[in-house]
Amino acid sequence: MDGDNAGFDQYLFAIQVDNDGMVYCAGAANINLLGSAPYDANGYLNSITGFDGTDATPRVAVVYRISASGNDLVDLTLFGPGTVSGLQSAVAYSLSLSANNVFIGGHTTIDLPMVGTPFDGTRNANDGFVAVFPKDLGSLIYSTYLGSDNNDVPGVTSIRAISDNSFIAG
C-alpha cells in the first residue's frame with residue numbers, strides 16, 4: 001500500500017468477499033494509514049499515536065474494505081489503543097462476515113478498547129481478542145478478550161460469524 005515508505009510493515013492474514021463482491025481483509029500495520037493510502041470514508045479509528053514506522057512493532061490490527069473491482073480502497077480502520085510504544089502489538093489473524101457485520105479475531109499484548117458487554121474485559125499478558133464492526137467499518141460494535149491468566153499465543157486464529165450477534169472462535 002505504501003511502496004514509498006521503506007519502514008512500512010504491513011501484514012494481511014485474512015480475506016473474505018461478501019455477496020456484493022466487496023473484499024474485506026484483516027491484519028496489522030505499523031503506521032497510520034490515513035494520508036499514506038487514499039480511501040473514500042473514515043473508519044472507526046484512523047490515527048494512533050506512537051508509530052515510528054521503522055520497525056515491525058508497535059503495530060495494531062487493521063481491517064480494509066475494497067471495491068468489487070479491486071481499484072478502490074473504500075474503507076479501513078485500525079483497532080488498537082490511542083497510543084502505542086515499544087514492542088506492543090495487536091494483530092488480526094481471522095475475519096468473518098455476517099449479513100451486516102465484520103468479525104475479526106487475533107492476538108494482543110496491549111489493552112484494546114472494550115465495547116458492549118465483553119465476555120472477558122481484562123487482558124492478561126498475551127490474550128486473544130474478538131472485535132465486531134459494521135460493514136462500513138465506521139464504529140466498533142463489540143469487543144472482548146479471549147484467554148486465560150497465562151500467555152494465550154497465537155490468540156484467535158479462526159472465527160465464524162453465526163449471525164450479526166454471535167460467533168464461534170478458536
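Test of understanding: what is the full-extension gain from residue 18 to residue 83, defined as 0.36 nm times their sequence separation minus their Cα-Cα distance? That works out to 20.2 nm of additional length.
Each residue of the range 134-146 was assigned a 3J(HN,Hα) from its phi angle through the Karplus curve 6.51 cos²θ - 1.76 cosθ + 1.60 (θ = phi - 60°); the sequence is x, 4, 7, 6, x, 8, 9, 8, 7, 7, 7, 8, 9 Hz, with glycine and proline shown as x. For residue 98, the residues whose amide H sits under 5 Å from its own are 103, ignoring neighbours fewer than 5 places away on the same chain, with H placed 1.01 Å from N. Per-residue extension of 0.36 nm, minus the Cα-Cα distance of residue 117 and residue 158, leaves a gain of 12.6 nm for this segment. Close amide H contacts of residue 167 (hydrogens built in the peptide plane, cut-off under 5 Å, sequence separation of 5 or more or a different chain): 162.
Net charge around residue 97, counting only other residues with Cβ within less than 9 Å of its Cβ (Lys, Arg = +1; Asp, Glu = -1)? Could the numbers behind the result be given before it?
Numbers: positive: 135; negative: 18.
For residues surrounding residue 97, the net value is 0.
Computed from the coordinates by the stated procedures, all read-outs in this text should not be read as laboratory data. Remember, it's a predicted structure, so these values are computed and weren't measured experimentally. Cβ sites come from the backbone with ideal geometry, for glycine too, and all protein chains shown count toward neighbours.
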